[in-house]
1. Highest mean first, how do 158-166, 317-325 rank when packing is the count of other Cβ atoms within 10 Å averaged over residues?
2. With respect to the cross-link table entries Lys41/Lys189; Lys41/Lys61; Lys50/Lys81; Lys67/Lys317; Lys46/Lys189, which display a Cα-Cα separation exceeding 31 Å?
3. If amide hydrogens are placed 1.01 Å from N in the peptide plane, which non-local residues have theirs closer than 5 Å to the one on Ala291?
4. Exactly which chymotrypsin sites (Phe, Trp or Tyr not before Pro) in the range 245-295 are in a DSSP loop and have at most 12 other Cβ atoms within 10 Å?
5. Would you work out if the range 244-326 is rounded, prolate or oblate? Take a ≥ b ≥ c from the square roots of the eigenvalues of the alpha-carbon gyration tensor; rounded if a/c is under 1.5, else prolate when a/b is larger than b/c, oblate otherwise.
Amino acid sequence: MPGHRSKSSEKHADGGGAKPLRRDPYEVLGVSRNSTDQEIKTAYRKMALKYHPDKNANDPKAADMFKEVTFSYNILSDPDKRRQFDTAGFEAVESDNQELELDLSSLGAVNTMFAALFSKLGVPIKTTVSATVLEEALNGVVTIRPLPLGQFISRRVEKQCAHFYSVTITEEEAQAGFVCRVHSSDKSKFKLLYFDQEENGGLSLALQEDCAKTGKVTSAGMFFLGFPVYRLDQTMNSISAAKDPDTSFFRKLEGFQPCELTELKAGTHVFAVYGDNFFKSANYTIEALCAAPFSEEKENLRNIEAQILSKRAEISKFETEYREVLAQFTEMTSRYANEMQEIDELLKQRNEIHAAYTVAPLKRSSSKSRNKSSSNEAKEEGQTKEKRNTRERPKKKRWYNIHLRVDKRKAC
């Protein structure tokens, strides 16, 4: 089918820019414009596995094709971006800022260290499941352990490896709802995976959920409750949003999207825990539960997610009002600063005019002359006080001026 070309792409094709011409994402994935999300996802996984760097280590064309396939899927897997692309092409989806998913097993040691550093600094880096794991699952050569309902299993999975589990549910349990949860008290990074069973006995990846920090643990869960359950992709637009706190707030709920599957049929289902750490293994605990005893939790979840959807619509409208008021506030604060500066300048000029009303200029004596005059005055004042005290002081008799009387009538 003919490729969808935007205006910017036509300019680049005419030699007006350095960017290469991008192909229509529908054409890249080999799907039609009315394809379902599941059809797009299936096409992407087949092509990603075909052109994965693990299988084409010395083929640069395959590496470019893998990037193009991933780039196209990032557009078509997001309902908003897909709608924007269908309306206005690549320009509408901000193609320069698209994030690619990284396969850690295909990175060298140096690149892995840089990726780990960025992750520690809070820069979200999306990772994908290793092609080796996907290929082994597709060929049916993985070891699958049984996971009984209502029980948990704690294990350690190596980086870029996966542990597979099978869960069998009855018709009654399927109607009541089913939940699979994984958590790590060590805050290890992992993915929870769900696989469809192929006719040849192999397994194809159908769903994946990245772990997220919730309190003192990292956790991920899949909820098949018979009604639409939503997942929150916290990395969506997070890099661009980190540049502006306001944008971070208004984009916080953009990644709140419905899960592809809402219920499971009776039978055996396969889940896996994938070690997504950069350098070390991941400790985890997995459990499978029937939702029958959790009727109150099911109703609360339905109500809370309905409120979140309503809040997302309100925030979208509130953003427009907020931006308008913020622009007015910025204008007012700028005017406030200018008005204050002008008032201070006018008062300064007024004081200078007041000071000009004088005939004789003020004589300013130096500090030395002031100190000298003050010391002379103090000296003169001290001498005056001393003279005054001398006049007023009474004369004291000395012992040698004492008059001694002698009686001459008595003999000595």
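1. For the peptides 158-166, 317-325, the packing ranking is 158-166, 317-325.
2. Numbers: Lys41/Lys189 24 Å; Lys41/Lys61 22 Å; Lys50/Lys81 25 Å; Lys67/Lys317 36 Å; Lys46/Lys189 26 Å.
With Cα atoms farther than 31 Å apart: Lys67/Lys317.
3. Residues meeting the criterion, in which the H sits 1.01 Å from N, are Gly177, Phe178, Val179.
4. When the chymotrypsin sites (Phe, Trp or Tyr not before Pro) of the range 245-295 are filtered for loop state and at most 12 Cβ neighbours within 10 Å, Phe279 remain.
5. Oblate, since a/c reaches 1.5 and b/c is not below a/b.
Bear in mind these aren't lab numbers, they're just calculated from the coordinates by the rules spelled out. In this text, all values refer to a predicted model and were calculated from it rather than measured experimentally. Cβ coordinates were reconstructed from backbone atoms using ideal geometry, including for glycine residues, and neighbour counts include every protein chain displayed.
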